[in-house]
Amino acid sequence: MNKVLLVGRLTRDPELRTTPSGMAVTRFTIAVSQNFTNKNGERGADFINCSAWGRQADNISKYCHKGSLVSAEGRIRTSSYDAQDGTKRYTTEVVCDTVNFLSSRSGSSESSSRDEFIPDTNDMPGMPMETADLTEDPFKSFGEEITLSSDDLPF
């Protein structure tokens, strides 16, 4: 199985391009913190090249920038090509099926003069249209309270 899950920050603004057939593709790099520290107590990072296609590529280009916190899910793709000097070069990247935006433009670590991030929900399927007011208990008129003991559970 070839499955990758990454959480990190974009190291630069995504690069959006279009194939000759009109398909959008964006390339970006995610900096992912390592789980261990070096002898100086510093935590390193891995820099993972990624790509996304189609509508996902358009949304990444539109809503993400350098410093954006994202989670990316996809697969590893390796390929090779012959360089101009005649040597064979190898590349590795994550082809992303899903990229979730975990921070807004105004919430990123980079101080920016950009406008506050307000997504267009028509471009982002699955994004809620309205938010609920949770200052009150939403289950207060749900019915009678039930008390369970561990003997009532089947496991």
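The numbers here are math on the coordinates, done by the rules we state, and not lab data. Predicted model, so just to flag it, every value in this text is computed and none were measured. Positions of Cβ are generated from backbone atoms using ideal geometry, with glycine treated the same way; all protein chains shown enter the neighbour counts.
Table for the structure above
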{"read-out": "Net charge, Glu93 excluded, C-beta distance under 11 Å - Lys, Arg +1, Asp, Glu -1", "value": "+3"}
{"read-out": "Length gained when the stretch Lys88-Phe47 is fully extended (0.36 nm per residue, less Cα-Cα span)", "value": "12.6 nm"}
{"read-out": "Cα gyration tensor, the range 1-109 - rounded (a/c under 1.5), prolate or oblate", "value": "oblate"}
{"read-out": "Pairwise FRET efficiency - Ser80 versus Lys3, Cβ, R0 = 25 Å, nearest 0.05", "value": "0.65"}
{"read-out": "q = 0.16, 0.27 Å⁻¹, the range 15-73: log10 I(q)/I(0) [Debye, one scatterer per Cα]", "value": "-0.58, -1.11"}
{"read-out": "Neighbour net charge for Ser79 - beta-carbon separation under 15 angstrom, K R +1, D E -1", "value": "+3"}
